[in-house]
1. With charges set only on the Cβ (+1 for Lys and Arg, -1 for Asp and Glu), what does the dipole of region 1-151 come to about its Cα centre, in debye to the nearest 20?
2. Once the cut-off is 16 Å, how many percent of the Cα-Cα pairs in region 51-139 end up in the long-distance tail?
3. Note down the nm distance, to one decimal, between modelled labels 7 Å out along Cα→Cβ at residue 70 and at residue 105.
4. When you count, for each residue, the other Cβ atoms within 10 Å and take the mean per peptide, how do 18-25, 301-308 rank with the highest first?
5. In the chain, how does Rg compare with the Kirkwood Rh, expressed as the Rg/Rh ratio over alpha carbon atoms?
6. Sorted by average packing, counted as other Cβ atoms within 10 angstrom per residue and highest first, what order do 153-166, 60-73 take?
7. Placing +1 at every Lys and Arg Cβ and -1 at every Asp and Glu Cβ, with all other atoms neutral, what dipole size does region 230-351 have around its Cα centre, in debye to the nearest 20?
8. If N is the number of residues in region 217-358, what value comes out of its Cα radius of gyration divided by 2.2 N^0.38 Å?
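Quick note: the coordinates plus some simple rules give every number you see, no bench work behind them. Nothing here was measured: the structure is a model prediction, and the numbers come from that model. Reconstructed Cβ throughout: ideal geometry from the backbone, glycine too, with neighbour counts over all protein chains shown.
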Amino acid sequence: MSRYWSSLVHRLTPYVPGEQPKLSNLVKLNTNENPYPPSARVASAIADELANGGALLRLYPDPGAERLKEAIATRFADAGITAQQVFVGNGSDEVLAHVFMALLRHPLPILFPDISYSFYPVYCGLYDIAYATVPLDDNFAIRIEDYKSDNGGIVIANPNAPTGCFLPLASIERLLSMHRQSVVVVDEAYVDFGGESAIALINRHPNLLVVHTLSKAYSLAGLRVGYAVGQSELIEALTRVKDSFNSYPLDRLAIAGAVAAIADREHFEGTRQAVMRSREALRGALLELDFEVLPSFANFVFVRHPRHDAGELAAALRQRGILVRHFKLARIDQHLRITIGTDAQCAHLIEALQEILH
Ligand code: PMP
């Protein structure tokens with residue numbers, strides 16, 4: 001508390017990111033990073049951008065990051081996406097912040113599930129947006145029938161976080177048709193691990209905005225690149241907010257690295273398939289230890305043990321050098337979210353759990 005703070009700052013409850021430990025020998029399964037390195041083309045594109053002693057860094061980057069928008073549009077050419085339908089930002093967190101400001105700040109409350117990405121209520125606090133949460137059902141599924149009320153917009157993470165549950169596109173499409181007057185934001189941070197992207201629906205639905213990140217399937221959490229895809233009317237709103245905030249959210253290295261990553265389809269396919277294979281193996285091993293494990297469409301599993309307290313399990317794992325995420329939140333305080341690591345990391349986790357449980 002400080003007398004210098006604005007009244008808004010006094011009221012804020014900031015998002016708390018997962019721990020980023022200084023120790024490098026920890027098995028880090030707590031923030032849904034990809035255990036595999038990015039495409040080798042990323043480092044080489046960044047090195048090119050740094051040629052001649054980094055002379056290019058004298059110059060501001062392209063404020064519109066047009067090369068990157070073109071690369072993203074090409075990636076979704078099947079869905080008829082053009083560069084004018086793409087918005088890019090400094091991680092999807094920044095893209096989402098602009099979405100809340102530009103498209104979700106209306107007199108009616110916005111709707112999102114009671115259990116979802118915990119940044120959504122934080123943006124509402126920052127931008128003074130009224131919201132109502134809609135409970136997931138007992139199996140942590142989203143029920144479209146529960147989203148009937150008039151609203152200022154709807155935000156769905158699909159696959160959802162931290163559950164990993166996936167809502168079929170037919171349900172998203174019903175939601176879009178039920179609420180043509182409000183924007184439906186689908187946050188697809190984890191879609192590349194088994195889900196299906198709603199980007200295919202964009203040219204049929206002017207109220208749909210899909211948000212993606214390069215942090216997960218492209219192994220680039222450290223580069224900070226996210227984007228949104230929607231009809232140009234929505235993209236223009238985001239651009240207006242961005243250009244009232246920071247003209248250059250993506251630096252030269254991020255633009256070069258992201259373009260290279262998106263171009264390397266083979267690497268992308270290889271790593272996402274490896275993560276999905278490890279996920280299914282880890283799920284089997286956890287089930288054998290009596291964990292309840294939700295089927296996951298993401299690069300993490302959401303688990304609970306019927307006889308062991310989740311907080312104590314997380315602490316015991318930490319003592320053994322393994323970090324997992326425990327949310328001290330209603331309905332899920334007995335669950336753990338475990339990021340899929342390499343097979344060796346998953347084996348290490350299972351060994352530690354065997355020791356703790358027996
Ligand atoms: N959406 C969801 C559902 C997430 O879990 C995350 C990662 N914490 C993000 C968005 C933000 O990812 P980034 O800012 O790294 O793109």
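1. On the way: 12 positive and 17 negative charges, 104 e Å.
Approximately 500 debye in magnitude.
2. 68 percent
3. About 3.3 nm separates the two model spin labels.
4. 301-308, 18-25
5. 0.96
6. Taking the mean over residues of other Cβ atoms within 10 Å, the ranking is 153-166, 60-73.
7. Details: 16 positive and 16 negative charges, 54 e Å.
It works out to roughly 260 debye.
8. Working: Rg = 19.5 Å, N = 142, 2.2 N^0.38 = 14.5 Å.
Here the answer is 1.35, to two decimals.
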